[in-house]
Structures are given as C-alpha cells and as structure tokens.
Amino acid sequence: MSKVYVIADNIVAPLGRTAAENFAAVCQGKSGIQLQHSRLLSPADFYAAIMAPGQLEAYSKGSNLEGYTKFEQLLILSVQEALGQTSLDITNGRTAFIVSTTKGNIELLEQQPAQPPLGEMELFATAKKVAAYFNFTAAPLVVSNACISGLLAILTAKRLITAGLYDHAVVTGADVVTQFVLSGFQSFQAVSNEPCRPFDAARKGVTLGEGAATVILTKQASLAPANAVVVNAGSVSNDANHISGPSRTGAELGMAMRHAMLNSGLTPADIGFVSAHGTATLYNDEMEAKALHLAGLQDRPVNSFKGYYGHTLGAAGLIEAIIGIHALQQQTVIPTLGFEQLGVSMPVNVSSTLTRQPMQHYLKTVSGFGGCNAAMVFSKE
C-alpha cells in the first residue's frame, strides 16, 4: 500500500496564526483559555479559548473575507496558509476537499431575528462556499461525527487516496464557541468553572475553545518535505453506551487503539506518546485511562492539549493531530497543562513536564457524543 504524506499544515487559533506559532506557544506553556465576560454568549462569566477582539481581523488582513461568517473565515484562513506551502493544482479534480465540523454556522441562529435560509445552515452548502473561494473542482466532502470529526476526516482522506480516487487531499476543520454550544454543555453541568485539568484528581469538566486547522496529504513522495510525517493506520469504533456518556469500560476506544497499532505494524512499545482526547470530564478521562490499559499503553507518555486550546469540537482532532505531528518531528513530549495529581482509577503515565526523547511514532485518540471513538498512528519517514 502506498504511503500518504503530510506535506503542509496550519492552525488558526487564539494561540497563533500558523502551526509553527501554535507549537511554539504550546512548548512555552501558553494557554488560549481566558476568563470570558461576553453576555452575548452567557449570562455569567466563563472560561474558554476564544479569539480575542480584533484577532481574527488581524489574521485576515489582506484577504477578502467580506460576506463570510466567522466559521467560514476560520476555514478559509487556515486553508489559505496551508495551500501557500505547496504548489498543488487543485483545479484538476484529483485533490479532495474535506471539511470537518460539529456545528458549522450554528451561530447564524443567534445573529438573525428570523430563521436564516436553510442553505446557509447546511454543512455541505458551507463546504461548497469555501471550496469555491479556492476554485476547487472536486465536489467537497463533509465529515460531521461529533468530536471525532477532525481525526475521522484525516482517516477518510487517507482511505480515499489509497483507494486511488484522489492523489491529494486538503482536510480542514473548524468550530466556533457560540451561545448554542456553550449552553448545551452547561446544561450537562459539564463546563468547568476554571481552566480544564485533564486527568487530574481535581478536574471539574470541560473548557470550550474555537479555532481551525488544515492538513494537506499526498501519495506523491516527491512532494514530501524532509522529516515528513506519514499518516499511518487508523480505526473507528462506537461503544453504543449513551448519547452523551462514554463507555464505562473503555473497551471500544481500546479496540480502536489496538487496531490502529496492529494495522500500522506496531506494538505499544513503538509508540513515543499518546495524544489523548482528555476533556477533563470525570467520565471521559476515566474511560480513556481504562482504554489505555486495555491497549497496553499505560506506560507510554500520555498528554492532552485541552489545557491549551479548550475543546474545539470538530476541529479538535485536526488541531491536536498537527501539534502532535510537530512534537513528533521535534522529538518532544508536551506536558498536560493543568495536570497535577492523577485522578483516574487506572495508572496512566500523564506527561507533566516538557521532555525530549527519540521516537518514530505517536498515537492520536478522540472520542465523542454518541459513543464514537477514533485512533490513528502518525509516523516519521
């Protein structure tokens, strides 16, 4: 089977305009999470990683984004930067365009007194609008499967390329913190009243975030830069436990982890670190700890990037995969911001300090509402 290479990437988030800026900020221990005072989003103050006033406008300087929503602007800016790193011809129909998100333009429900036209709310319509901005000729695809959407979109792109349907793929994803999204998580009593603390004994719940990310994949080795990362095998599972609560055993996520490693020809000892979903809710982190044990990964370094970005929903798998890719290339294990004392029933090697170590592979995991899980291995050439 031919290899699929990552040849470009980008992150647009509160921590920076490029993937390099974001990775540097994370290595410095900076967090995009701040106390928010917006009464348009919540009647009470809350913590979230939200673009600061004027930040998106500064990022988009020089780009004509009039008539596009915040969600669409994030996608466009992320794709634009990533495409600028390549010389791909996206007009020959051989480059897939895939958009991942959970809520898309849901903010339109809050901004308009009357219900917006249905077309503006449809995810595929948004994907077509963004694709048209760049003159993609291939019909866009949308992946919207709760919070595994970003990683699932990468897996979908890899499978389309290896099946010979495309030579390249531009995979992008975004989500925005809105009143609809925030109130939904608040209704579950799942939002922390402080910055989230993944896997910690004192964790109180999730912190939300917003942002966009893009990876560009190809099967053409000649386009791969030095130190390129390969998208290795991935796996998807569903625990069918509850519409919002994860499995109590971790068996299904553990199965996805094992299959991702097995189909990559690897063992747990080959994994340099695990980039976990790590939402800092009581049930998610407990489930992941059990899954890590079932997959034989309890001794490998584990981190969560939610303390830096909050939970960016449909963009999380992409943003966190890219930070993981840069960490793999730099042979760096990122600490889990907010973690102090282990608070799960099974021992897990949660990373708490920035460390350097030789490694060739890392495993990314995600989980989401409806019991969905995904895991994928990324490897250095």
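The condition of being touching a helix residue (DSSP H, G or I) at 6+ places or on another chain (Cβ under 7 Å), closer than 24 Å to ASN193 by Cα and not in a helix (DSSP H, G or I) holds for only one of SER237, SER244, that being SER244. Scanning the range 286-300 for residues that are surrounded by fewer than 24 Cβ atoms within 10 Å (Cβ to Cβ) and either assigned to a loop (DSSP other than H, G, I, E, B) or among the charged types (D, E, K, R) (or both) yields GLU286, LYS290, GLY296, GLN298, ASP299, ARG300. Does VAL348 qualify as being hydrophobic (A, V, I, L, M, F, W, C), modelled with pLDDT of 95 or more, over 13 Å from the mean Cα position of the chain (by Cα) and not in a loop (DSSP other than H, G, I, E, B)? Here the answer is no, as VAL348 does not meet what is asked. Assess whether VAL6 counts as being among the hydrophobic types (A, V, I, L, M, F, W, C), under 21 Å from PHE124 (Cβ atoms), in contact (Cβ under 8 Å) with a residue 40 or more places away in the chain and not in a loop (DSSP other than H, G, I, E, B). Spelling it out, it is not the case that VAL6 is among the hydrophobic types (A, V, I, L, M, F, W, C), under 21 Å from PHE124 (Cβ atoms), in contact (Cβ under 8 Å) with a residue 40 or more places away in the chain and not in a loop (DSSP other than H, G, I, E, B). Looking only at the range 199-206, decide whether some residue is of a type outside the set (D, E, K, R), in contact with a helix residue (DSSP H, G or I) (Cβ under 6 Å, 6 or more places away or on another chain) and not in a strand (DSSP E or B). Yes, because at least one residue in the range 199-206 is of a type outside the set (D, E, K, R), in contact with a helix residue (DSSP H, G or I) (Cβ under 6 Å, 6 or more places away or on another chain) and not in a strand (DSSP E or B). Hey, among the residues in the range 122-135 that are touching a Gly at 6+ places or on another chain (Cβ under 9 Å) and not aliphatic (A, V, I, L, M), which one's surrounded by the most Cβ atoms within 10 Å (Cβ to Cβ)? Top of the filtered list is THR126.
For the range 137-162, a residue qualifies if it is among the hydroxyl-bearing types (Ser, Thr, Tyr), under 14 Å from the mean Cα position of the chain (by Cα) and surrounded by fewer than 23 Cβ atoms within 10 Å (Cβ to Cβ), and exactly one does: SER144.
Only one of these is of a type in the set (Phe, Trp, Tyr), touching a Gly at 6+ places or on another chain (Cβ under 8 Å) and surrounded by fewer than 24 Cβ atoms within 10 Å (Cβ to Cβ): TYR309, TYR283. Name it.
After applying the criteria, what remains is TYR283.
Evaluate the range 235-244: report whether one residue or more is closer than 22 Å to VAL344 by Cβ, in contact (Cβ under 8 Å) with a residue 12 or more places away in the chain and touching a Phe, Trp or Tyr at 6+ places or on another chain (Cβ under 6 Å). Yes - at least one qualifying residue is present in the range 235-244. Got at least one residue in the range 240-258 being within 22 Å of GLN330 (Cα to Cα), touching a strand residue (DSSP E or B) at 6+ places or on another chain (Cβ under 7 Å), of a type in the set (Gly, Ala, Ser) and at pLDDT 95 or above? Within the range 240-258 (the criterion being within 22 Å of GLN330 (Cα to Cα), touching a strand residue (DSSP E or B) at 6+ places or on another chain (Cβ under 7 Å), of a type in the set (Gly, Ala, Ser) and at pLDDT 95 or above), the answer is no, since none of the residues qualifies. Selection of the range 192-228 for residues being within 24 Å of GLY164 (Cα to Cα) and surrounded by 23 or more Cβ atoms within 10 Å (Cβ to Cβ) yields THR214, VAL215, ILE216, LEU217, THR218. Within the range 46-85, being hydroxyl-bearing (Ser, Thr, Tyr) and touching a residue at least 60 places away in the same chain (Cβ under 8 Å) holds for TYR47, TYR68, SER78.
Among the residues making up the range 172-221, those that are of a type in the set (Ser, Thr, Tyr) and under 21 Å from PHE97 (Cα atoms) are THR172, THR214, THR218.
The values are calculated or read from the model by the stated rules, or taken from the named source; none is laboratory data. All values reported here derive from a predicted model rather than from experimental measurement. All Cβ positions, even for glycine, are placed from backbone atoms using ideal geometry, and neighbour counts span all protein chains on display.
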